[in-house]
1. Can you compute the label reach from residue A:268? Point 7 Å from Cα along the Cβ direction, backbone N cut-off under 18 Å, restricted to the range A:218-256.
2. At a Förster distance of 35 Å, what's the computed FRET efficiency of residue A:97 paired with residue A:286, Cβ-Cβ distance as r, to 0.05?
3. Rounded to the nearest 10 degrees, what's the angle between the helix A:310-330 long axis and the longest principal axis of chain A, both from Cα atoms, 0 to 90?
4. Treating the beta-carbon of each Lys and Arg as +1 and of each Asp and Glu as -1, no other charges, what is the dipole magnitude of the range A:23-160 about its Cα centre, to the nearest 20 debye?
5. Ordering B:16, A:191 by accessible area with a probe of 1.4 Å, largest first, what comes out?
6. Over the protein assembly as shown, with the other protein chains present, what is the accessible area per residue in square angstrom, probe 1.4 angstrom?
7. Using only DSSP helix segments of four residues or longer, with each worth -39500 (n - 2.57), what per-residue ellipticity at 222 nm results for chain B after dividing by its residue count and rounding to 500?
8. Please compute the average number of Cβ atoms from other chains found within 10 Å of each residue's Cβ in peptide B:19-25.
Amino acid sequence: MYTQGLDSLGADCLHQATDAVTLEQRFQSKVDADDRIEPKDWMPDAYRQTLIRQISQHAHSEIVGMLPEGNWITRAPSLRRKAVLIAKVQDEGGHGMYLYSAAETLGISRDELLEQLLAGTAKYSSIFNYPTPTWADVGAIGWLVDGAAIMNQIPICRCSYGPYARAMVRICKEESFHQRQGFEIMMTLARGTPEQHRMAQDALNRWWWPSIMMFGPNDATSKHTAQSMRWKIKRFSNDELRQKFIDITVPQAEFLGLTVPDPDMRWDEATQHYVHGPIDWKEFEEVLKGNGPCNRERLETRRRAHDEGRWVREAALAYAEKQRARETQAA
Amino acid sequence: MSEQRKQWPLYEVFIRARSGLEHKHVGSIHAVDARQAVEHARDLYTRRQEGVSIWVVRSSDIVASDPGDAEALFEPAKDKIYRHPTFYSIPDEVKNL
Ligand SMILES: [Fe+2]
Ligand SMILES: [Fe+2]
């Protein structure tokens, strides 16, 4: 009736070798035909592990991603901006929830996922380890960071794993306002007083390169790309997505009257693409290793929130148990 | 009194129309157990290849919101028009936003 017996195919299976080969072939031809893999379908263990890693990193990024912007909720310059920022940060929390749920369909529990984040063993996007000293950073994050996230996420709407793809459709729909509110903030500042214009330029200077690095290492050094492409977890390489982002974003910066902080940036007539200068991968690796400007602060904040929320989780559970006990007593 | 017939439990039926789509609620069905509910749902709801996958859930396991609470639950989202991208006016010259 169900295929759930297949995914427990293990050491005790007599014909494991031949069966695994046929199963793997069947799996790959399904992927090749653009069919979707669902939780109860058989899948190679490496596919499952890759997805757990990628989806949970993505979920952690949404959760930690609330912190840099969250800093500005109490200090937003107007009631309108404050309402918008709250709505955006709330969305990011929601994205984390969609993604944790998608990861859980692969057989890992929510508690395990959260433990990995809090223990510092799981990764999240390096971009959220940069500080947000001015209000213009909220604009730059919406415009650039959400812009880069959208570029990364749109192809995942067609990912071979059904629950991840469907979560991504929902997320992409919600991201659009994030980017537009960020651009609106940048536009207001860029057209404001000279000081506001300087603030916008300063934020662009600080967020440009980290945003470019969000697409991950160069294709030549990226270790997961080829297999992920074969599995259709990934549809475009890091460099392809980075190029698309740059081609779209540089004209937007020009419209704002701001300058992208890359002296080598030029339009190439022959290829019809922008050509950018060298990326400082040392910085990227340092931030990934935990030595970015805010790594420690982000994890500490997350841990504190988790600890301070403990009594609420325990009280809710105790209350539910008490209600249940009362109901059985009454019956 | 004639024979006291025991009613078969009710199951809610969810069908995935095509590979990649989510399961959607299509109706309900009575069956002796979950296995039979899937078989009967197949016969009743997919005679014209309406689906590629079936889920059944005991109707009594479904917890629903109270229609009387609809206003309190959903009204608060009504005035938060800034959650929609159209709330922000971006000049036409700006592409890909
Ligand atoms: Fe998000
Ligand atoms: Fe976002």
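The values are calculated or read from the model by the stated rules, or taken from the named source; none is laboratory data. Owing to the predicted nature of the structure, the values given are computational and were not obtained by experimental measurement. Cβ coordinates were reconstructed from backbone atoms using ideal geometry, including for glycine residues, and neighbour counts include every protein chain displayed. Heavy atoms of the whole protein, side chains included, go into the accessibility calculation; ligands, DNA and RNA do not. Shrake-Rupley method; radii C 1.70, N 1.55, O 1.52, S 1.80 Å.
1. From the range A:218-256, the list is A:218-221, A:237-251.
2. Working: r = 31 Å, r/R0 = 0.88.
E(calc), rounded to 0.05, equals 0.70.
3. Taking the Cα atoms of chain A, the angle to A:310-330 is about 40 degrees.
4. Working: 14 positive and 17 negative charges, 96 e Å.
Approximately 460 debye in magnitude.
5. Values: B:16 15, A:191 160 Å².
Listed by decreasing accessible area, they come as A:191, B:16.
6. Numbers: 23960 Å² over 428 residues.
Result: 56 Å² of accessible area for each residue.
7. On the way: 2 runs with 17 residues, N = 97.
One gets -5000 deg cm²/dmol as the mean residue ellipticity at 222 nm.
8. Working: counts 8, 13, 4, 4, 1, 0, 0.
Averaged over the peptide's residues, the number is 4.
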